[in-house]
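Peer 1: Supplied in C-alpha cells, the structure appears directly below.
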Amino acid sequence: IGRNGFSLEKVEDVTTARLLDRIFETMYSEEPALGVPKTVLVPTEPESLGAIESWLSEIRGTAVHVRVPHRGDKRELHATVSHNAEQELKRHSMRRATDHDSRTRALTELQVALRLPQVPLRIECYDMAHLHGTDYVGSMVVLEDGLPSKKEYRRFKIKDVAGNDDYAAMREVLTRRLSAYVKERDMPVSERGTTPGRFAYAPQLLLVDGGKGQLSVAIDVVQSLGLADEIPVASLAKQFEQVFIPGLDTPVVLGRTSDALFMLQVIRDEAHRFANTFHRKLRGKRMKEGSLDGISGLGDGRRKRLLKELGGVPGVKSASLDQLRALSWLPESVAIAVFEHLRR
C-alpha cells in the first residue's frame, strides 16, 4: 500500500472529466514505482476513458480498468481517500493562507492590481444569506495583515428589505456599518470611550461578494457618505472569479494561481460561511419558536416566559397538561390550548 499526494492548481474552467484526463497524464507520465494498478477508482469517468484505459493497459502489460465505485468495499475505500484528500487540501490552504511571504506578496499584488493608495492591511468582505427572502442576514469578515481577525467579524439582521433583494440588503448593511464609522470618526475626542467602538476603523479595501451590480451598490454607499476618497471598493464574482473595481468596464486580471486572488477567495469564502452559519441559526430558532404560533391567548410575553421557564420548545413539548396548569401566571384555557396544539 502506498500513498502519493499532490496539489493541482486549476488554472482554467474545465469539467471534472477533463480535469481527470490531466491528472492521469500527470500521475502516469512516467511509470510509478509501485506500477500501474489493475483497477483505478475515480469520482467520475474521465473524458477520454477508453484512451486512458488502453494507455494504462499498455504500461502495465495487462488490462487496466478505470471505475466509479458505487457500493461495497471499493466505495468505502474511495470515500476514505476522498476524505483524506479534502483534509490535505484544507491543510495546504491553511499553510498558504498563514505563510508570511505569501501574505506580503498578496497584499502588494492587490495594491498594484486594484490601484489602491496603500497596502490593504485591513480588508473587509460582505455577503448576504437568506431563504426565499426570509431570515435575511449579512456578514462582515475582516483580514488584518492578511489573516482573519475573528474578533472584528460582525453579523447583521436585515431590517428594511422585503422579499428577495440582495442589492437592497447589501445597501442596508454597508450603510449601517459605514454610517457607524462616520459617527465614531466625527465624535469629539472628549466624548469617546477608552476603547475603540465596534466600527471605529475604516478598511483599506472593502470587498463585496458579487459582480458589477453589487459593486455599484458599494460605490453608491461610499459616495453618499462622503467616503469615496477614503475607502476603495471592489467586488469578486464567484462564477469566473472576476474582480471588478470602479472605473473599469472589464475585470481586473489576477493570475488564477496568484497569492492575491487566493487571498480574496479566502475572505470571500469566509464571509459566505459566516453569513450562512448565522442564517441557519436564525432560521432554526424561528422554526422552533414558530411551533407556538397561532395559539389563542399566548402572546409574545407569555410565550417568552413559557419558553424560559420550561427550557425552550423541547421542554414545552414534553410538559404534561398538569405541569402547564401548575404555572400560576398561565390561564388554564391557554395551558390546555398549548397542550393540545403541540400534540396535533
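Peer 1: What residue among M263, M187, M140 has the largest mean-square fluctuation in a Gaussian network model of the chain, using Cα springs under 10 Å?
Peer 2: Of M263, M187, M140, the Gaussian network model singles out M187 as fluctuating most.
Peer 1: A further question on this structure: Using only DSSP helix segments of four residues or longer, with each worth -39500 (n - 2.57), what per-residue ellipticity at 222 nm results for the chain after dividing by its residue count and rounding to 500?
Peer 2: That calculation yields -15500 deg cm²/dmol at 222 nm.
Peer 1: Where the centre of each part is set by its Cα atoms, how far does the range 167-192 sit from the range 255-273, in angstrom?
Peer 2: What the calculation gives is 26 Å, centre to centre.
Peer 1: While we're looking at this one, here's another question. Distance in nm between label sites at D300 and R67, each 7 Å beyond Cα in the beta-carbon direction?
Peer 2: Roughly 6.2 nm, to one decimal.
Peer 1: On a 0 to 90 degree scale, rounded to 10, what angle separates helix 72-98 from the longest Cα axis of the chain?
Peer 2: 80
Peer 1: Quick check: Cα centre of the range 33-94 to Cα centre of the range 283-344, how many Å?
Peer 2: Between the Cα centres of the range 33-94 and the range 283-344 lies a distance of 55 Å.
Peer 1: For the range 114-286, what is the largest minus smallest coordinate of the Cα atoms on each principal axis, given in angstrom and ordered from greatest to least?
Peer 2: That works out to 47, 42, 29 Å along the principal axes.
Peer 1: A follow-up question, please. So the label point goes 7 Å from the Cα of S179 along Cα→C-beta, right? Which residues of the range 216-236 then have their backbone N under 12 Å from it?
Peer 2: Residues passing the 12 Å test: 225.
Peer 1: Just to be sure I understand the curve: with the Debye formula and one point per C-alpha of the chain, what is log10 I(q)/I(0) at q = 0.08 Å⁻¹?
Peer 2: Normalising to I(0) and taking log10 leaves -0.63.
Peer 1: Still on this structure, please answer the following. Please determine, in degrees from 0 to 90 and to the nearest 10, the orientation of helix 300-310 with respect to the longest principal axis defined by the Cα atoms of the chain, where the helix direction is its Cα long axis.
Peer 2: The angle comes out near 70 degrees.
Peer 1: Dipole of the chain, Cα-centred, from +1 at each Lys and Arg C-beta and -1 at each Asp and Glu C-beta, to the nearest 20 debye? Walk me through the numbers on the way to the answer.
Peer 2: Working: 51 positive and 47 negative charges, 346 e Å.
Dipole of the chain, to the nearest 20 debye: 1660 debye.
Peer 1: What's the exposure ranking of L121, L254, L174, L225, going from fewest to most Cβ atoms within 10 Å?
Peer 2: Starting with the residue having the fewest Cβ neighbours, the order is L121, L225, L254, L174.
Peer 1: Work from the charge dipole of the chain (Cβ charges, +1 for Lys and Arg, -1 for Asp and Glu, about the Cα centre) and give the residue of H70, I295, A169 farthest towards its positive end.
Peer 2: I295
Peer 1: So if we plug the beta-carbon distance of T108 and T257 into 1/(1 + (r/R0)^6) with R0 = 22 Å, what FRET efficiency do we get, rounded to 0.05? Could the numbers behind the result be given before it?
Peer 2: On the way: r = 16 Å, r/R0 = 0.74.
It comes out at approximately 0.85.
Peer 1: How long is the gain from L121 to D145 if the chain were fully straight, where each residue apart is worth 0.36 nm and the alpha carbon distance is subtracted?
Peer 2: 8.2 nm
Peer 1: Work out, step by step, the length gained on full extension between H100 and K38: first 0.36 nm times the residue separation, then minus their alpha carbon distance; give nm to one decimal.
Peer 2: Gain in length upon complete extension: 17.9 nm.
Peer 1: Between S48 and H83, what length in nm is gained on full extension when 0.36 nm per residue of separation is reduced by their alpha carbon distance? Could you put the intermediate results ahead of the total?
Peer 2: Numbers: separation 35, 0.36 × 35 = 12.60 nm, distance 2.55 nm.
Separation in residues times 0.36 nm, less the Cα-Cα distance, equals 10.1 nm.
Peer 1: Helix 49-60 versus the longest principal axis of the chain: what angle, 0 to 90°, nearest 10, using Cα atoms?
Peer 2: Between the helix axis and the principal axis of the chain, the angle is about 50 degrees.
Peer 1: Here's a follow-up. For the chain, set up a Gaussian network in which alpha carbons nearer than 10 Å are linked by springs, and say which option among V313, V119, V173 fluctuates the most.
Peer 2: Of the options given, V313 has the highest mean-square fluctuation.
Peer 1: Sticking with this one: Can you put F240, F199 in order, fewest other beta carbons within 10 Å first?
Peer 2: Starting with the residue having the fewest Cβ neighbours, the order is F240, F199.
Peer 1: Follow-up. In which sequence would K281, K159 go, from the one with the fewest C-beta neighbours within 10 Å to the one with the most? Write down the numbers at each step before the final one.
Peer 2: Numbers: K281 13, K159 9.
The most exposed by this proxy come first: K159, K281.
Read the figures in this text as sums done on the coordinates, not as results from a lab. Small disclaimer: the values here were computed from a predicted structure and weren't measured. Using ideal geometry, Cβ is built from the backbone for each residue, glycine included, and neighbour counts are taken over all protein chains shown.
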